[in-house]
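The values are calculated or read from the model by the stated rules, or taken from the named source; none is laboratory data. Computed from a predicted model, the values in this text were never measured in an experiment. All Cβ positions, even for glycine, are placed from backbone atoms using ideal geometry, and neighbour counts span all protein chains on display. Side chains included, ligands, DNA and RNA excluded: accessible areas come from the protein's heavy atoms. Shrake-Rupley method; radii C 1.70, N 1.55, O 1.52, S 1.80 Å.
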Amino acid sequence: MKGGAWLIESTAADCVFTPDKLTEEHRLIAKTTEDFVTQEAAPALPQLDQHDWKVARGLVKRCGELGLFGVDVPEEYGGLALDKVTSLVVSEHMSKSASFAATFGSQANLTVLPLMLFGTPAQKEKYLPKLVSGELVGAYCLSETGSGSDALGAKTKATRQADGSFVLNGEKMWITNGGFADLFIVFAKVDGELFTAFIVERAFGGVTSGKEEHKMGLHGSSTTAVILQDVKVPADNLLGEIGKGHKVAFNVLNFGRFKLGGMCIGGARDAIGESAKYAAQRKQFGQPIASFGAIKHKLGEMIARTYAGESFIYRTAGMIDERIGDAKDGASAAAALEEYSVEASIAKVAGSETLNYVLDENIQIHGGNGYVRDYPAERHYRDARVNRIFEGTNEINRLLIPGTLARRAVKGDLGLIAAAKALQDELLGPPSMSSGDDSPLAEERRAVEAFKKTALMVFGLAMQTYGTKLADQQEVLTFAADILIDVYSSESALLRALAAHGPKASLQADAARVFISDAAGRIEIAARQALAAMTTGDTLRTMLAGLRRLLKVSPIDAVTLRRRLADEAVARGGYIF
Ligand SMILES: Cc1cc2nc3c(=O)[nH]c(=O)nc-3n(C[C@H](O)[C@H](O)[C@H](O)COP(=O)(O)OP(=O)(O)OC[C@H]3O[C@@H](n4cnc5c(N)ncnc54)[C@H](O)[C@@H]3O)c2cc1C
């Protein structure tokens, strides 16, 4: 399926990749990663927190030995050439140690990937084997003091030399692994204008690290400025083409965002385990707090949201794998990743916000113990906050979701404009009769169809109302993004629950039903706000009547469903799927 096509096309449940379809090989690499994190990375946290980067370097080397940096890399460069689902599985399980996960991600996603996608054969041969083995530590230098979200506004300069080489001058900010990396992907402007990517070795001379930033969280990960002073970069170390640095930056972020979403969902799953265990053993008023409805509500909601997150993450990985299977070289792999940039932004935004929600409730369930350092809940909360800021802030990613779809619609892709027009006609016509479908999750299927129509209604009206000025309407775009995120999440949860079988199938259905019931409320609020910003008077009234008709979702007893989910998590002492 093409990226974004889920908005107008139906998907058969058995065509979607879900965690239930993980193979033995996937499970084996999940176990390898988990063992590494619990037995090696997590115990090293006190040293990492003290900025002992020798220990971090040792852990990078261990990941190399275990093959964890080589998942996406062809065998000729020392990698394992496995699918993107494997790569997701590794990211998800790395999340148990957030600080080291940042170090890992900066190497695996932000240094290995640009070389894979845009490196020449000689560059790949020179650098990839050493990055894959963990001999070299990598870092990605895009941000500067004056240019974070506006990354293309970078001031770092690359001056061309007569022999074709370059001299780089400038200062990069907030660079993960900045304090001890050996190899940097640096973005600089050739002749002060042409935004370009370079491969820079610390050994070239002129590269220095600033002091470690005092951060809210991720204390065990290095974040520094990287200062480039007259750094001589050979012509061979140009990455991609002069003036095409944006292609490198944005394609790398596409995949980085998707994997970050995976890490966040992995973190949410672990936190549910902490909450469930704590709620089972903590007694108040003579009984475990897990027996209180207010706590069951929290646990049930944490599970439902995480279930939806897991569902869209794996669904996206499956779609990327299907598409990337034919990609013979870096350029076609980059094009395949770009195809799913909307889904990658959804993964980033919804993954990080689900994690923040879960970690906030994790603290609440721990009460005073959640606020002190004796328990890991407060650390998780601080560590996770940055996920909404880096790899493109959630505001920027929200704008990208409908913005990218609008660009595709204008190009005639996906038939979005025709679908939106047909929907408007339908909404202005007589109400359609209910189908009387009583198949499993029939009400939820109907709801998801209604969510899609709501998204199309808001999106279509926004394109019609603002035309080429749509980008200026950030509030409406943000409402549209919120609706689209809920559409993709709801449908992914629904399809996974429909395909589920075995003892947990009915719990999966419960989780999907809770999520979809919640989403209906959120979508209605967002759609009403967006419509009221775009229309007035009779048109608005007609639209709101259409919206009410569309979103007339039968109420369900979500309280009982959440209780079932919560009780199961408490009985198992962890996330249930
Ligand atoms: C721990 C940590 C590690 C990091 N690691 C790296 C790294 O390895 N490499 C690297 O290059 N960078 C890294 N960064 C930098 C990070 O990517 C940036 O902080 C991020 O892109 C945001 O940029 P900014 O901080 O300049 O915020 P700003 O861009 O100034 O944004 C401030 C606020 O304004 C909003 N905003 C900005 N522009 C718009 C707009 N057009 N429309 C609407 N809202 C807008 C933002 O969403 C945000 O809410 C890291 C940052 C941190 C904190």
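Laid out as a table, the results:
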quantity: Glu25, sole failed condition from (1) in a helix (DSSP H, G or I); (2) touching a residue at least 60 places away in the same chain (Cβ under 8 Å); (3) open to solvent by less than 20 Å² (accessible area, probe 1.4 Å); calculated: (3)
quantity: Residue check for Ser221: within 13 Å of the ligand (Cβ to nearest atom), farther than 24 Å from Lys61 by Cβ, part of a loop (DSSP other than H, G, I, E, B) and polar (S, T, N, Q); calculated: no
quantity: Test: residue in the stretch 264-273 that is within 16 Å of the ligand (Cβ to nearest atom), among the small types (Gly, Ala, Ser), assigned to a helix (DSSP H, G or I) and within 30 Å of Lys21 (Cβ to Cβ); calculated: yes
quantity: Residue match in the stretch 438-450 (condition: in a helix (DSSP H, G or I), of a type outside the set (Asp, Glu) and touching a Lys or Arg at 6+ places or on another chain (Cβ under 6 Å)); calculated: no
quantity: Residue in the stretch 230-238 that is within 19 Å of Gly256 (Cβ to Cβ) and either of a type in the set (S, T, N, Q) or within 14 Å of the ligand (Cβ to nearest atom) (or both) present; calculated: no
quantity: Meets criteria (modelled with pLDDT of 95 or more, of a type in the set (A, V, I, L, M) and open to solvent by less than 40 Å² (accessible area, probe 1.4 Å)) for Ile525; calculated: no
quantity: Of residues in the stretch 360-395 being among the small types (Gly, Ala, Ser) and under 18 Å from Ala102 (Cα atoms), the one most open to solvent (accessible area, probe 1.4 Å); calculated: Gly392
quantity: Criterion: over 16 Å from Gly256 (Cα atoms) and more than 16 Å from the ligand (Cβ to nearest atom) - qualifying residue of His93, His51, His26; calculated: His26
quantity: Residue within the stretch 65-85 that is open to solvent by less than 30 Å² (accessible area, probe 1.4 Å), farther than 27 Å from Ile320 by Cα and in contact with an Asp or Glu (Cβ under 9 Å, 6 or more places away or on another chain) present; calculated: no
quantity: Set Tyr357, Tyr307, Tyr278: member being aromatic (Phe, Trp, Tyr), crowded, with 20+ Cβ neighbours inside 10 Å and out of contact with any Gly (no Cβ under 9 Å at 6 or more places or on another chain); calculated: Tyr307
quantity: Residue among Gly261, Gly293, Gly300 that alone is touching a residue at least 40 places away in the same chain (Cβ under 8 Å) and within 30 Å of Ala334 (Cα to Cα); calculated: Gly261
quantity: Matching residues in the stretch 383-396 - criterion: being under 30 Å from Ser275 (Cα atoms), assigned to a helix (DSSP H, G or I) and within 11 Å of the ligand (Cβ to nearest atom); calculated: Asp383, Arg385, Val386, Asn387, Arg388, Asn394, Glu395
quantity: Odd one out for Lys259 among (1) open to solvent by less than 40 Å² (accessible area, probe 1.4 Å); (2) within 15 Å of the ligand (Cβ to nearest atom); (3) not in a helix (DSSP H, G or I); calculated: (3)
quantity: All positions within the stretch 201-218 that are part of a loop (DSSP other than H, G, I, E, B), within 15 Å of the ligand (Cβ to nearest atom) and open to solvent by less than 60 Å² (accessible area, probe 1.4 Å); calculated: Gly210, Glu212, Glu213, Lys215, Gly217, Leu218
quantity: Flag if Phe17 is in a loop (DSSP other than H, G, I, E, B) and either of a type in the set (A, V, I, L, M, F, W, C) or over 27 Å from Val137 (Cα atoms) (or both); calculated: yes
quantity: Any pair with Cβ under 7 angstrom, 6 or more apart, that starts in the stretch 493-522 at a residue that is in a loop (DSSP other than H, G, I, E, B) and ends at one that is open to solvent by 40 Å² or more (accessible area, probe 1.4 Å); calculated: Ala500/Asp20; Lys504/Phe577
quantity: One residue from Phe250, Phe292 being open to solvent by 30 Å² or more (accessible area, probe 1.4 Å) and modelled with pLDDT under 95; calculated: Phe250
quantity: Among the residues listed as Leu110, Leu117, the single one being hydrophobic (A, V, I, L, M, F, W, C), modelled with pLDDT under 95 and part of a helix (DSSP H, G or I); calculated: Leu117
quantity: Scan of the stretch 176-228 for residues that are within 20 Å of Leu113 (Cβ to Cβ) and modelled with pLDDT under 95, ordered by number; calculated: none
quantity: Check on Ala512, under 16 Å from Ile346 (Cβ atoms) and open to solvent by less than 10 Å² (accessible area, probe 1.4 Å); calculated: no
quantity: Long-range neighbours under 7 Å by Cβ, at least six apart or interchain, first residue closer than 16 Å to Ser209 by Cβ within the stretch 127-155, second open to solvent by 40 Å² or more (accessible area, probe 1.4 Å) and within 8 Å of the ligand (Cβ to nearest atom); calculated: Ser143/Trp174
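Here is a yes/no grid of residues against (1) modelled with pLDDT under 95; (2) under 19 Å from Thr542 (Cβ atoms); (3) over 22 Å from the mean Cα position of the chain (by Cα); (4) surrounded by 20 or more Cβ atoms within 10 Å (Cβ to Cβ):
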position: Leu428; (1), (2), (3), (4): yes, yes, yes, no
position: Gly436; (1), (2), (3), (4): yes, no, yes, no
position: Arg446; (1), (2), (3), (4): yes, no, yes, no
position: Thr468; (1), (2), (3), (4): yes, no, yes, no
position: Asp486; (1), (2), (3), (4): no, no, no, yes
position: Ala497; (1), (2), (3), (4): no, no, no, yes
